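Report on one structure; see the data block that follows.
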Amino acid sequence: MSFETTVHGAIECHLVGGEDVRLPMRVNEGVVAGLPELDKWPSFSRGMFGVVPVEIPTDLEAGLITSIHRTQLIHFGASYRNLEEPGDDPADYLGPWIEKFETLLSQMCWSFAKAHFETEISGHHRYEWAVTSDQFSGYAQSPPIPASKWDRRLFADVDAEVPGTGWTEIVRRS
């Protein structure tokens, strides 16, 4: 028997000061573009990510503008078979996915990330990552220095009757 887990979320990169404020966003575009088309389980392939290019031409006279104001959003989504196993602790069973995601984050310039997991066995969980404040100065360097420190929090949706309404923090790691 197999179980499905769907994952969706976003990585946020806010503009920072420096010679070229969009340079960290270009770094992020390059990281996502460098992901493989196919990957070993749990797959982190280029196709599961969506990035609005930083260098979209604008035509203000025609009312055409980019989709990036001050924050670059990199959204992602995927469906996995057997990402969790019956009886696993939610803080542990997503370990291979979390490890790959944090490896990706360590190559990027970002401020906040969130991933929602909807599982058939243990319900809904949400992970949140927030870069520590000392990381932002590295983004203004040329070339930008990707994040190396962040806090990670895990929330479980404890209200099975109305999904998404009973979030409770169950694990916090720095």
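Name the residues in segment 119-143 that are farther than 21 Å from VAL32 by Cβ and surrounded by fewer than 17 Cβ atoms within 10 Å (Cβ to Cβ), would you? Within segment 119-143, GLU120, ILE121, GLY123, THR132, SER133, ASP134, SER137 qualify.
Residues that are in a strand (DSSP E or B), exposed (fewer than 14 other Cβ atoms within 10 Å of the Cβ), out of contact with any Cys (no Cβ under 6 Å at 6 or more places or on another chain) and at pLDDT 85 or above: does segment 155-170 have at least one? Within segment 155-170, none of the residues are in a strand (DSSP E or B), exposed (fewer than 14 other Cβ atoms within 10 Å of the Cβ), out of contact with any Cys (no Cβ under 6 Å at 6 or more places or on another chain) and at pLDDT 85 or above. The set of residues in segment 1-22 being closer than 18 Å to HIS116 by Cα and at pLDDT below 90 consists of PHE3, GLU4, THR5.
Of the residues making up segment 1-48, those that are acidic (Asp, Glu), over 30 Å from HIS124 (Cβ atoms) and in a loop (DSSP other than H, G, I, E, B) number 2. Of all the numbered requirements in (1) part of a strand (DSSP E or B); (2) modelled with pLDDT of 90 or more; (3) open to solvent by 40 Å² or more (accessible area, probe 1.4 Å), PRO146 misses one, and that requirement is (1).
Within the set GLU118, GLU128, the sole residue that is of a type outside the set (A, V, I, L, M), in contact (Cβ under 8 Å) with a residue 60 or more places away in the chain, assigned to a strand (DSSP E or B) and farther than 18 Å from VAL31 by Cα turns out to be GLU118. The residue of segment 32-77 that is nearest to the chain's Cα centre (by Cα), among those that are at pLDDT below 75 and of a type in the set (Gly, Ala, Ser), is SER67.
Starting from residues that are open to solvent by 20 Å² or more (accessible area, probe 1.4 Å) and modelled with pLDDT of 70 or more, keep the ones in segment 78-98 and report whichever is nearest to ALA156 (Cα to Cα). Here the answer is GLY95.
The values are calculated or read from the model by the stated rules, or taken from the named source; none is laboratory data. Bear in mind the structure is a predicted one, so any value in this text is a computation, not a measurement. Ideal geometry is used to build each Cβ from the backbone, glycine not excepted, and the neighbour counts take in all protein chains shown. Note: areas computed on protein heavy atoms with side chains; ligands, DNA, RNA excluded. Shrake-Rupley method; radii C 1.70, N 1.55, O 1.52, S 1.80 Å.
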